[in-house]
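Participant: I'd like to ask you about the structure that follows.
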Amino acid sequence: MKKLILSTAALALTAGFALADGHSVRLGTEGAYAPWNFLNDAGEVDGFERELGDELCKRAELECTWVTNEWDSIIPNLVSGNYDAIIAGMSITAERDEVIDFTQAYTPPDPSAYLAMSADVDLASGVVAAQTATIQAGFVAEQGWTLVEYATPEETLAAVKNGEADAVLADKSFLDTHVGVDGLVMLERSEAIGGGVGMGIRESDADLRGKFDAAIQSMKDDGTLNTLIAKWEVSSQW
């Protein structure tokens, strides 16, 4: 799933798993990218990654806390120590891997798709919206198309609805929840970009990465990860 500025207030929510040694791990997410992560009516982090993160912490015997952070500063605020891991629909890319480390992927690559107000949009001659610092924004720029970037996923959708953009490119699982809303239609074309989604960890925290890697692998091995993926419809299964 996105850029780098520093000015956001984080909201902390406890995950409720305790470790005997009392170590607490803060999990950073965006809270604005359903069904991956979002804030429910009670203002709590919810979605696929809430369930996944809680289960990973349980298996790793870690006490975890949830923190929300705007996407465009989510990597810098990990590096600066505002939280200990990113679990926010973040695709593993070589560019990001130069700044932080990643666990193994917990979902395969999610196809990227387009929503527009008309099915006959010409992407090459039109304006395509994408969230800032996402793999989708990078893809549009690489095609040489006209790109407009927005800080949040909701703003990309609003740009299409109000005519600022002809289409939006984002994870298909996110766009699926908006098909038909205010006349939005999904284009037949899709893109295969990104290398799967993993947890972002500071490069200095190899032990923590190892704990989460082992927990992810255990969920793959016993099938519970595929069960969660199917429940939330975020990607294909392993």
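Participant: How much length would be gained if the chain were fully extended between Val79 and Val181, taking 0.36 nm per residue of separation minus their Cα-Cα distance, in nm to one decimal?
Facilitator: Full extension from Val79 to Val181 adds 33.0 nm.
Participant: In region 73-228, what % of DSSP beta bridges are antiparallel (nearest 5)?
Facilitator: Once the DSSP bridges in region 73-228 are tallied, antiparallel ones form about 70 percent.
Participant: Divide by every residue of the chain the summed helix terms, -39500 (n - 2.57) for each DSSP H run of at least 4, and state the resulting mean residue ellipticity at 222 nm, rounded to the nearest 500 deg cm²/dmol.
Facilitator: Mean residue ellipticity, 222 nm, calculated: -8000 deg cm²/dmol.
Participant: When the chain is fully extended, how far beyond the present Cα-Cα distance does Glu188 get from Glu51, taking 0.36 nm per residue of separation?
Facilitator: Numbers: separation 137, 0.36 × 137 = 49.32 nm, distance 3.13 nm.
Roughly 46.2 nm would be gained on extension.
Participant: If you don't mind, there's one more thing I want to ask. So, in nm, how far is label Gln217 from label Ser236 when the simple model puts each one 7 Å beyond its Cα toward the Cβ?
Facilitator: In this crude spin-label approximation the distance works out to 2.4 nm.
Participant: Jot down the per residue volume, in cubic angstrom and as a whole number, of the convex hull over the alpha-carbon atoms of region 66-183.
Facilitator: Once divided by residue count, the hull of region 66-183 is 117 Å³.
Participant: Along the Cα→Cβ direction, 7 angstrom out, place labels at Gln104 and Glu164. What is the inter-label distance in nm?
Facilitator: 4.1
Participant: Can you give me the % of accessible surface on the chain that is carbon or sulfur? Probe 1.4 Å, all protein chains present, nothing else counted.
Facilitator: Details: 5050 of 10170 Å².
Whole-percent figure for carbon plus sulfur exposure: 50.
Participant: May I pose another question? For Gly126, what charge total do you get from the other residues with a beta carbon under 13 Å from its beta carbon, if Lys and Arg give +1 and Asp and Glu give -1? Let's see the in-between values first.
Facilitator: Working: positive: Arg189; negative: Asp120, Asp122, Glu164, Asp166.
Here the charged neighbours net out to -3.
Participant: Right, another one. At 1.4 Å probe radius, can you tell me the per residue accessible area of the chain in Å²?
Facilitator: Details: 10170 Å² over 238 residues.
Heavy-atom SASA per residue in the chain reads 43 Å².
Participant: Additional query: Please work out how many pairs of lysine residues in the chain are eight or more positions apart (or on different chains) and have Cα atoms closer than 16 angstrom.
Facilitator: Going through the chain pair by pair, I get 6.
The values are calculated or read from the model by the stated rules, or taken from the named source; none is laboratory data. Because the structure is a prediction, the values reported are computed rather than measured. No Cβ is skipped: glycine too gets one built from the backbone with ideal geometry, and neighbour counts run over all protein chains shown. Ligands, DNA and RNA are stripped out before the accessible areas are found, and what is left, the full protein with its side chains, is counted by its heavy atoms. Shrake-Rupley method; radii C 1.70, N 1.55, O 1.52, S 1.80 Å.
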